[in-house]
Amino acid sequence: MEYKATIGLEIHAELKTRTKMFCNSKNDPDEKRPNVNVCPVCMAHPGTLPVINKEAVKHVIRVGLALGGDIADFTEFDRKNYFYPDIPKGYQLSQYQYPIVSGGSLNGIKITRVHLEEDTAKSNHEKGDYTLVDFNRAGVPLMELVTDPVVKNATEAGAFARELQLLLRSLGAGEANMDKGEMRVEANISVSKTDKFGTKVEVKNINSFRAVEKAIDYEIKRQIEVLEEGGEIKQETRGWDENKGSTFSQREKESSHDYRYFPDPDLPKLKLREIAEFDLEKLRKEMPEFPWQKREKYISQFGMRPEQAEMFVQSDIFAAFFNSLVLGKDNLSPEVISGYVNFITSDLAGLLKDGANNVPSVGHFDELMNLWGKKEITTRMAKDLLAIMVRDDRAPEVLMKDNNLTANANDIDLDSVVSEIINANEKVVADYRAGKEAALQFLVGQGMKETRGSVEPAALRETIIKIINT
């Protein structure tokens, strides 16, 4: 019988708020100066009292609604006691018995709970024989989402984490950039040949989606090898070493009783239904489109392929650009919509990836697509004009004139152009007559070059074949 992996995910995401979770210090993930955004409360000076950040609670409620989870009526904050240099109070304010959200699902993965806590400070171990601690992050609102142990493989885990990042961004709850530490994924992994779970190992220090998948794959393989050699899996916390591509032991895994949770006496209990800003019906009405709703719309309403729809779901810039093009235009043909989609996802995306800085104005892009749709310019010329427009955002007709581009193929004596190409490439023509299809493509390319892209390749191909065979 083969080994079966069981994976549960714990994902922490910093929330986008003006201030920290329990004080008025600024929540600024981009601050580079150490220990600037701190105050007596988040530094745990004696006699200070925390105050709950209402916006952070609202973010978690909205996440819970999007996941289809149950929103608690009663919740409270607990002290999670442990002693690390990055915990100024000697305990972390978190939630234990009464999380804000219970249940729900995302990407077909069941959610156990979503709760709210405060982030720790950031330790810098790159200073040789000592560690420096930056407390800017200490006390930042942190959402923790825990899945049921139902994830089966690394691919499922990576897809879940990516979808959660998209959801947080759609809701405006957080940017969840993993490279900045704004979202951290921990995987609890076990393997077993039976329906009984194996010994759980937690893997931390994972800073990219690809690393999540690599770490899970590695840990599954490691555990199987240990068991096959007659060893036992220890319940422990392991780190992920990106350079070595392997996990490493950090410490024995704590259990919940090790943290000695108890309700924080300095914070009030919350009856969420009694707070007007947390009215669930009102929050539901304010919800934006979710990523999965966008995918469905792009595929069913606009006929996009799944990979095209995904590009618009992933990029707010492209989505807003496309929506502006089609908004209020009920009579657009499928061909026009397909042109919009193809030029944005292929040509415009490629230009931006290659270093272009600007997206052309919606109006000028629409004019370009109209010229192309009416066959007043060729596909090649539309591509060339778009490449100019990302640097010089002016009307396509103006750019054609300034760049000496011929718009109308009717102005070209195609038979004459093709005859000259054939006469200048006698060997290539002979290769084509001998059955080499690539030779014809070469001649078409020469025709495109000679006509500066103002003739469609199909027309050139047809004319070349006609003249060769006469």
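Data table
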{"quantity": "Pair list, Cβ under 8 Å, 6 or more apart: segment 300-314 residue part of a loop (DSSP other than H, G, I, E, B) and buried (at least 21 other Cβ atoms within 10 Å of the Cβ), other residue at pLDDT 95 or above and not hydrophobic (A, V, I, L, M, F, W, C)", "calculated": "304/298"}
{"quantity": "Qualifying residue in segment 193-201 (condition: outside any strand (DSSP E or B) and within 30 Å of residue 17 (Cα to Cα))", "calculated": "no"}
{"quantity": "Residue in segment 97-106 that is in contact (Cβ under 8 Å) with a residue 12 or more places away in the chain, aromatic (Phe, Trp, Tyr), part of a strand (DSSP E or B) and in the same structural domain as residue 156 (by TED's automatic domain parsing) present", "calculated": "no"}
{"quantity": "Segment 272-288, residues that are part of a helix (DSSP H, G or I) and aliphatic (A, V, I, L, M)", "calculated": "272, 276, 280, 283"}
{"quantity": "Selection status of residue 215, modelled with pLDDT of 95 or more, within 17 Å of residue 237 (Cα to Cα), in the same structural domain as residue 70 (by TED's automatic domain parsing) and buried (at least 20 other Cβ atoms within 10 Å of the Cβ)", "calculated": "yes"}
{"quantity": "In segment 108-138, the residues that are part of a strand (DSSP E or B) and over 14 Å from residue 69 (Cβ atoms)", "calculated": "117, 118, 122, 123, 124, 132, 133, 134"}
{"quantity": "Those residues of segment 323-355 which are within 22 Å of the chain's Cα centre (by Cα), buried (at least 16 other Cβ atoms within 10 Å of the Cβ) and more than 16 Å from residue 390 (Cα to Cα), in sequence order", "calculated": "341"}
{"quantity": "Residue within segment 91-112 that is aromatic (Phe, Trp, Tyr), surrounded by fewer than 15 Cβ atoms within 10 Å (Cβ to Cβ) and either farther than 30 Å from residue 195 by Cβ or in contact with a strand residue (DSSP E or B) (Cβ under 8 Å, 6 or more places away or on another chain) (or both) present", "calculated": "no"}
{"quantity": "Residue that is in contact (Cβ under 8 Å) with a residue 60 or more places away in the chain, among the polar types (S, T, N, Q) and in a helix (DSSP H, G or I), where the choices are 190, 170", "calculated": "170"}
{"quantity": "Residues that are outside any loop (DSSP other than H, G, I, E, B), out of contact with any Leu (no Cβ under 8 Å at 6 or more places or on another chain) and crowded, with 20+ Cβ neighbours inside 10 Å, drawn from segment 32-80", "calculated": "64"}
{"quantity": "Residue within segment 134-149 that is surrounded by fewer than 16 Cβ atoms within 10 Å (Cβ to Cβ), among the acidic types (Asp, Glu) and touching a residue at least 12 places away in the same chain (Cβ under 8 Å) present", "calculated": "yes"}
{"quantity": "Test for residue 244: is it in a helix (DSSP H, G or I) and of a type in the set (Lys, Arg)", "calculated": "no"}
{"quantity": "Enumeration of residues in segment 420-458 that are among the aliphatic types (A, V, I, L, M), assigned to a helix (DSSP H, G or I) and surrounded by fewer than 16 Cβ atoms within 10 Å (Cβ to Cβ)", "calculated": "424, 430, 438, 458"}
{"quantity": "Qualifying residues in segment 368-386 (those that are polar (S, T, N, Q) and under 18 Å from residue 344 (Cβ atoms)) - the one modelled with the lowest pLDDT", "calculated": "379"}
{"quantity": "Residue 152 being closer than 30 Å to residue 311 by Cβ and of a type outside the set (Asp, Glu)", "calculated": "yes"}
{"quantity": "Selection status of residue 21, within 20 Å of residue 85 (Cα to Cα) and in contact (Cβ under 8 Å) with a residue 60 or more places away in the chain", "calculated": "yes"}
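The values are calculated or read from the model by the stated rules, or taken from the named source; none is laboratory data. Source: prediction; values computed, not measured. Methodologically, a virtual Cβ is constructed for each residue, glycine included, from the backbone with ideal geometry; neighbour enumeration extends over all protein chains shown.
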